[in-house]
Amino acid sequence: MHNFLKDVVIPYYQAQSQQGNNFVIYDIQMKVLVASESVAKRLNFQSAREMVEKSYVDFKHIKPELLPQLKAIFNHCITNKITTHCVSIGGQLKPRFKNYHELIFQALEPIVDVDNNVIAILAKKLPVINSNLFHLFFPEYKAPSEIINQQITEELSEREFEIVYLSSNGLSQYEIADRLQISRSTVLKTITDRILPKFNLTESNSKELIKFAIALGIHTKIPKSLIKEQLIIITAN
């Protein structure tokens, strides 16, 4: 092992592992050198020590078809010696939510030695900034709790969730019908008979449905049925 990793990098991140940050440091063969306790817990390890020397393919939490994309992103970071930001859209073997993808933003940072050789990769989860300014325009709507949020989204069927999502992103009923390849009358009937009652809204309150859906953040939750699971490089610098 490189002395800089052994004497500086690993001891530093071992000290950081209890701080609640989400990170893993891999060597260039993509085996774990050190990880945070929060990541270990998420991946069902008893401690971060159990992850050491395991490859990312050993974690068994990512669908196999996405592993080549993940390897390509690692190689991109190593070959180009640049920090690479990417987003994971779904791809979990045990997805947490019924109707929508969990988006995970990550940064892969190359760790280089004094000769500018990449000797390891720091993978860390990036915080997602909530840019929803809905409450500034509709202060009467209080931010629902995550429990309420999940209850409503889990109660919706796949088709209902699609319609609420598309409505909250500004599509008309005719545009939704065209996107989903169904009739406009089906969209209207689904909203009136099935969706509005689940939101405790009356038949005449389609606009209120959109407001409430945005307050819940449904407009940011990409339906699983409308986009495939994938890993995407979003920036590199």
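The values are calculated or read from the model by the stated rules, or taken from the named source; none is laboratory data. None of these values were measured; they are calculated from a predicted model. In this analysis, Cβ positions are derived from the backbone assuming ideal geometry, glycine residues included, and neighbour counts consider all displayed protein chains.
Return the residues of region 184-221 that are assigned to a loop (DSSP other than H, G, I, E, B) and either in contact (Cβ under 8 Å) with a residue 24 or more places away in the chain or buried (at least 17 other Cβ atoms within 10 Å of the Cβ) (or both); say none if nothing qualifies.
Scanning region 184-221 gives 199, 201, 217, 221.
Output the residues belonging to region 79-96 that are over 11 Å from the mean Cα position of the chain (by Cα), at pLDDT below 90 and not aliphatic (A, V, I, L, M). Of everything in region 79-96, just one residue is over 11 Å from the mean Cα position of the chain (by Cα), at pLDDT below 90 and not aliphatic (A, V, I, L, M), namely 94.
Within region 71-103, the set of residues being surrounded by fewer than 19 Cβ atoms within 10 Å (Cβ to Cβ) and in contact with a Gly (Cβ under 9 Å, 6 or more places away or on another chain) comprises 102, 103. Among the conditions (1) in contact with a Cys (Cβ under 6 Å, 6 or more places away or on another chain); (2) exposed (fewer than 14 other Cβ atoms within 10 Å of the Cβ); (3) not hydroxyl-bearing (Ser, Thr, Tyr), the only one that residue 233 does not satisfy is (2). The sole residue among 235, 202 that is modelled with pLDDT under 85 and under 30 Å from residue 75 (Cα atoms) is 235. The residues of region 58-97 that are hydrophobic (A, V, I, L, M, F, W, C) and in contact (Cβ under 8 Å) with a residue 40 or more places away in the chain, listed by number, are 66, 70, 73, 74, 77, 78, 82, 86, 87, 89, 97. The residues in region 159-178 that are part of a helix (DSSP H, G or I), touching a residue at least 24 places away in the same chain (Cβ under 8 Å) and not aromatic (Phe, Trp, Tyr) can be counted, and the count is 7.
Scanning region 70-93 for residues that are more than 21 Å from residue 118 (Cβ to Cβ) and outside any strand (DSSP E or B) gives 90, 91, 93. Scan region 45-53 and give yes if some residue there is free of Cβ contacts under 8 Å to residues at least 12 places away in the same chain, touching a helix residue (DSSP H, G or I) at 6+ places or on another chain (Cβ under 9 Å) and among the charged types (D, E, K, R), otherwise no. Among the residues of region 45-53, at least one is free of Cβ contacts under 8 Å to residues at least 12 places away in the same chain, touching a helix residue (DSSP H, G or I) at 6+ places or on another chain (Cβ under 9 Å) and among the charged types (D, E, K, R), which makes the answer yes.
Against the definition (out of contact with any strand residue (DSSP E or B) (no Cβ under 7 Å at 6 or more places or on another chain) and at pLDDT below 90), how does residue 136 come out, yes or no?
yes
With respect to the conditions (1) part of a strand (DSSP E or B); (2) modelled with pLDDT of 90 or more, residue 67 falls short on a single one, namely (1).
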